[in-house]
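These notes are about the structure you will find just below.
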Ligand SMILES: Nc1ncnc2c1ncn2[C@@H]1O[C@H](COP(=O)(O)OP(=O)(O)OP(=O)(O)O)[C@@H](O)[C@H]1O
Ligand SMILES: [Mg+2]
């Protein structure tokens, strides 16, 4: 078996790479795929925290590469979602503790017994980025609808094109109310500027902060607003053609509230 | 009520500004990022111009500069003379070894200019349309008046003005 190796990257920091990796990975696992999530942000590890497995780390990715433990020993199994595994980054090491060749080896090893290997890339376009990309065959670029995030995404897309990797876009933290009033660029605007194919649109939602606080993937609770969004993203990644959730459609509750407000 | 007001007054919000600014900055990012592309453009540009006039390839220079509403391309293309000139119009009479570049000054010093009709004749007739002829004329006029061109590049889908 040889699974797909996909990097989640953005250029700019803090736009939602880790959130996307965790929730997309969890959504794929919930659909029955075997998924390994790799935290490539050496020195600034976060994926473990977002997924609530921080207390269970014994070995990290660098220790695997240095041969101090087996790959399977370093993988942490998610106890809530079957088939979801996390390979944590080293917290007290530098980004250059691992080479591109070692990273490629690590991810191809993982792909031998996982359907998906999803790599949470560090911000920037330096060593850490090059490592993560070297280990991937496909890329997901995350951006928010802001000028600096989009400019950086454009830069990263250029680098990904140079390596001839197929790429799709996730637009995170969209605020439909602001798009409607013309204060935020729309999904169409962003796609046009970046001339990229869309994989997902995620609204700005406090559910993200709430679930991150608890260390729980959003898809764990199917009543969450964003659960369906990440599930659709997972299905698109698997090649299904899935309509995008319309964010500007007011929910029944909102319509009632609007009526009540007059 | 407040909602309605804010919607009425904010229809032309900052998103249009953001989009336009991004379009420009990305264009200039791309141009400065890819010397290969600039080199290819320069090559193609010289090839096209060379169909009409002889140019000094070694001295051609193409550069980009961000201006108020566009990124401008500056092309400095020294013209040596006309392509496929009819001997009757401007016989090349420079001596062996003399740089061909001087030919341009022969024209200007004698005030001798090839007729535009002559140029039409020398362009491949089979593929000429009326639009082509007009295009050649304009290009030639400009080439003869000055060897320096400055043409603004506008992205095909860029709005021509704000709003
Ligand atoms: N759709 C969203 N709605 C609300 N908050 C969000 C959303 N996506 C991300 N956030 C918040 O934004 C912050 C940054 O997210 P995240 O850590 O996923 O970004 P990152 O790109 O991985 O950052 P870094 O570059 O530091 O690794 C977090 O606090 C997260 O909770
Ligand atoms: Mg992160």
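Approximating the spin labels as points 7 Å out from Cα along Cα→Cβ, the residue A:242-to-residue A:92 distance works out to 4.1 nm. Peptide packing: for A:147-154, A:172-179, the average count of neighbouring Cβ atoms within 10 Å per residue gives the ranking A:147-154, A:172-179, highest mean first. Evaluated over the Cα positions of the stretch A:148-204, the convex hull gives a direction-averaged projected area, one quarter of its surface, of 3.8 nm². Please build a GNM for chain A, connecting alpha carbons under 10 Å apart, and tell me which residue among A:122, A:203, A:88 fluctuates the most. Comparing A:122, A:203, A:88 in the GNM, the peak value goes to A:203.
Against the 2.2 N^0.38 Å scaling, with N counting residues, where does chain A land? I'd like the Cα-based Rg ratio to two decimal places.
Values: Rg = 18.2 Å, N = 262, 2.2 N^0.38 = 18.3 Å.
For chain A, the normalised Cα radius of gyration comes out at 1.00.
Simple spin-label estimate for residue A:183 and residue B:59 gives 5.8 nm between the two label positions (7 Å along the Cα-to-Cβ direction from each Cα).
Along each principal axis, taking the top coordinate minus the bottom one, the Cα set of the stretch A:120-184 gives 41, 20, 19 Å in descending order. Take each residue in A:185-193, count the other chain C-beta atoms within 10 Å of its C-beta, and the mean is 3.
Length gained on full extension, residue A:69 to residue A:165: 31.5 nm, using 0.36 nm per residue less the C-alpha separation.
Using only the Cα atoms of the stretch A:110-262, each taken as one equal point scatterer with no solvent, compute I(q) by the Debye sum, divide by I(0), and report log10 of the ratio at q = 0.18 Å⁻¹. So the normalised log intensities are -1.30.
Relative to its residue count, the stretch B:16-82 spans a Cα convex hull of 90 Å³ per residue.
The mean count of C-beta atoms from other chains within 10 Å of the C-beta of residues in A:177-184, rounded to a whole number, is 5.
The numbers here are math on the coordinates, done by the rules we state, and not lab data. What you see is a predicted model; the values in this text were computed from it and never measured. A quick note on method: Cβ atoms are made from the backbone with ideal geometry, for glycine too, and the neighbour counts reach across all protein chains shown.
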